[in-house]
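**Student:** Pasting a structure below so you can have a look.
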Amino acid sequence: MKRVAILISGGGSNMLALVRDMVGDHPCRPVLVASNDPKAGGLARAAAMGIATAAVDHRLYGRDRAGFEAALLEPILAAAPDILCLAGFMRVLTPDFVARFEGRMLNIHPSLLPKYPGLHTHARAIAAGDSEAGCSVHEVTAALDDGPLLGRAVVPILPGDTPDDLAARVLVQEHKLYPAVLRRYGRGERGLLDLTG
Ligand code: GRF
């Protein structure tokens, strides 16, 4: 059984989808939900499901990214995770932190990587006149929103879509894609899962 720690910054809808799927013959189980924001709504949702939680307020560390990460590492290492899942985690991690979990850290990003790494992905896809958008699950490497692709799901961009319309359509796919990829990842599978269509 693989131990999974999940890092969140907000409501944690992706964390919920992952946790709800980690039952039965799933090769993984959640052991910690941690956040850079003590007020992240996902922390209460995780605690309500009996999952250990931790929070380190990154604002207390100013520009000292290493100091923040050292504090965040404590509860993470105490939980002894085999796999780390970033799920709506909005802090850029240093190469040192990533190196500790390289090859066992996943992230979900709301675009069809390698297109649109970074923020405001839906507005950028709409502005570019793209006909489709989607989400990607990848292994985390030191380069932001880079790393080997493990899953993708494509959705159409419809005439008149606002970024919020598109975000809502993509989020539905995120909640299907991330759990499906983690199930395979937990079994050592590394191929690309395409949930489109
Ligand atoms: C969502 O915009 C999602 O696309 C991205 O992180 C944001 C918040 O996700 N992965 P969550 O609801 O906190 O999981």
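**Student:** Do any trypsin sites (Lys or Arg not before Pro) in the range 15-87 lie in a DSSP loop with no more than 11 other beta carbon atoms within 10 Å, and if so, which?
**Tutor:** Values: sites: Arg20, Lys39, Arg45, Arg59, Arg63, Arg65; in loops: Lys39, Arg63.
Qualifying residues, ordered by number: Lys39, Arg63.
**Student:** Oh, and also: Using a 1.4 angstrom probe with every protein chain in place, what is the largest-first accessible-area order of Glu74, Glu69? Walk me through the numbers on the way to the answer.
**Tutor:** On the way: Glu74 135, Glu69 10 Å².
Descending order: Glu74, Glu69.
**Student:** Which of the trypsin sites (Lys or Arg not before Pro) across the range 131-197 are loop residues per DSSP, with 16 or fewer other Cβ within 10 Å?
**Tutor:** Numbers: sites: Arg152, Arg169, Lys176, Arg183, Arg184, Arg187, Arg190; in loops: Arg187, Arg190.
Loop-located and lightly packed - Arg187, Arg190.
**Student:** So how far, in whole Å, is the C-alpha centre of the range 77-126 from the one of the range 137-197?
**Tutor:** A separation of 12 Å, based on Cα centres.
**Student:** So, one more: I need two numbers for the range 63-197: Rg to one decimal and Dmax as a whole number, Cα atoms only, in Å.
**Tutor:** Every Cα atom of the range 63-197 included, Rg and Dmax give 15.6, 49 Å.
**Student:** Find which of Tyr178, Pro27, Ala5 sits farthest along the positive direction of the dipole of the chain, computed with +1 on the beta-carbon of Lys and Arg, -1 on that of Asp and Glu, about the Cα centre.
**Tutor:** Positive-most Cα among the choices belongs to Pro27.
**Student:** Taking the Cα centre of the range 108-197 as origin and charging only Cβ (+1 Lys, Arg; -1 Asp, Glu), how large is the dipole, in debye to the nearest 20? It would help to have the intermediate numbers written out before the result.
**Tutor:** Values: 9 positive and 11 negative charges, 74 e Å.
Computed charge dipole of the range 108-197: roughly 360 debye.
**Student:** Could you compute how much accessible surface Thr162 exposes when probed at 1.4 Å, giving the result in Å² to the nearest 10?
**Tutor:** Here the residue's solvent-accessible area equals roughly 60 Å².
**Student:** Over the Cα atoms of the range 1-101, what radius of gyration and what Dmax do you get, in Å?
**Tutor:** 12.9, 43
**Student:** Let me ask something else. Restricting to the range 108-197, compute how many DSSP beta bridges are antiparallel as a %, nearest 5. Before the final figure, lay out the partial values.
**Tutor:** On the way: 9 of 11 bridges.
For the range 108-197, the DSSP antiparallel bridge percentage is about 80.
**Student:** For the chain, what proportion of DSSP beta bridges, expressed in % and rounded to the nearest 5, is antiparallel?
**Tutor:** Counting only bridges with both partners in the chain, antiparallel ones make up about 35 percent.
The values are calculated or read from the model by the stated rules, or taken from the named source; none is laboratory data. It should be emphasised that the depicted structure is a prediction, and the values quoted were computed from it without experimental measurement. Here Cβ is always computed from backbone atoms with ideal geometry, including for glycine, and neighbour counts include all displayed protein chains. Side chains included, ligands, DNA and RNA excluded: accessible areas come from the protein's heavy atoms. Shrake-Rupley method; radii C 1.70, N 1.55, O 1.52, S 1.80 Å.
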